[in-house]
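Comments concern the structure below.
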Amino acid sequence: MYEVEDLVKNLSLKYGRSRRSLMPILQGIVEKHNYLTDEVMVEVAKALDISAAEVYGTASFYTFLDTQVRGKYVIRVCKTITCSMKGKGEIMQTIEEMLKIRPGETTPDRMFSLLETNCIGWCHKAPAMLINEMPYTELTSEKVVEILKSYMKTK
């Protein structure tokens, strides 16, 4: 509990205690802990003197502010029409078969989570995905297999 309070306190000192500090504080927490717990969202609400519902509403609206435990590597596959037209379905099928998970799920060893997300800014090189912050573009099933195998070696 104290670690959460200290983290929120430090971030609110860094970014301020106004409503406009909400996003950088939430991003700072995710950067350190990978996701936002209910407990930490309540602490943020207290620190900024806003409702916990407002904090949760903001956190649940943005794809990159996870509100549940994710794997060490979060795979976000772009689901825009451009990526869909250029083979996103085949990419998703390859990932699902290789990792034995579906969108929204995490592997039992908590190594990978698979998510579909709105535009990640790489439509000009579709289909695209992010693994944590690393973009991968112009994907094929073969490229996806190579990419995932390289991450599997980092266990």
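The values are calculated or read from the model by the stated rules, or taken from the named source; none is laboratory data. It should be emphasised that the depicted structure is a prediction, and the values quoted were computed from it without experimental measurement. With ideal geometry, Cβ positions are generated from the backbone for all residues, glycine too; neighbour counts draw on all protein chains shown.
Can you tell me which residue is modelled with the lowest pLDDT among those in the range 24-51 that are among the hydroxyl-bearing types (Ser, Thr, Tyr) and either exposed (fewer than 15 other Cβ atoms within 10 Å of the Cβ) or in contact with a Ser or Thr (Cβ under 6 Å, 6 or more places away or on another chain) (or both)? Reasoning before the result, please.
From the range 24-51, those among the hydroxyl-bearing types (Ser, Thr, Tyr) are 35, 37, 51; that's our starting set.
Imposing the further condition that a residue be either exposed (fewer than 15 other Cβ atoms within 10 Å of the Cβ) or in contact with a Ser or Thr (Cβ under 6 Å, 6 or more places away or on another chain) (or both) reduces the set to 37, 51.
Numbers: Thr37: 91, Ser51: 95.
Residue satisfying both the conditions and the ranking: Thr37.
Out of Val77, Val42, which single residue is of a type in the set (Val, Ile, Thr) and over 26 Å from Trp122 (Cβ atoms)?
Going through Val77, Val42 in turn, the sole match is Val42.
Condition test on Tyr73, is it touching a Phe, Trp or Tyr at 6+ places or on another chain (Cβ under 6 Å), surrounded by 15 or more Cβ atoms within 10 Å (Cβ to Cβ) and of a type outside the set (D, E, K, R)?
yes
Determine whether Ile81 is surrounded by 15 or more Cβ atoms within 10 Å (Cβ to Cβ) and either of a type outside the set (Lys, Arg) or over 18 Å from the mean Cα position of the chain (by Cα) (or both).
On the way: surrounded by 15 or more Cβ atoms within 10 Å (Cβ to Cβ): no; either of a type outside the set (Lys, Arg) or over 18 Å from the mean Cα position of the chain (by Cα) (or both): yes.
No.
List pairs: first residue in the range 122-136 and over 16 Å from Gly89 (Cα atoms), second residue outside any strand (DSSP E or B) anywhere in the structure, Cβ distance under 6 angstrom, at least six positions apart or on different chains.
Trp122/Ala128; Trp122/Thr137; Pro135/Trp122
Could you say which residue among Thr117, Thr106 is surrounded by 14 or more Cβ atoms within 10 Å (Cβ to Cβ), closer than 30 Å to Ser21 by Cα, touching a strand residue (DSSP E or B) at 6+ places or on another chain (Cβ under 7 Å) and among the polar types (S, T, N, Q)?
Thr117
Given the condition of a type in the set (A, V, I, L, M), within 20 Å of the chain's Cα centre (by Cα) and outside any loop (DSSP other than H, G, I, E, B), answer yes or no: does some residue in the range 63-73 qualify?
Looking through the range 63-73, none of the residues is of a type in the set (A, V, I, L, M), within 20 Å of the chain's Cα centre (by Cα) and outside any loop (DSSP other than H, G, I, E, B).
Of these, Glu142, Glu54, which one is surrounded by fewer than 17 Cβ atoms within 10 Å (Cβ to Cβ) and either outside the structural domain of Glu31 (by TED's automatic domain parsing) or on the phi > 0 side of the Ramachandran plot (or both)?
Glu142
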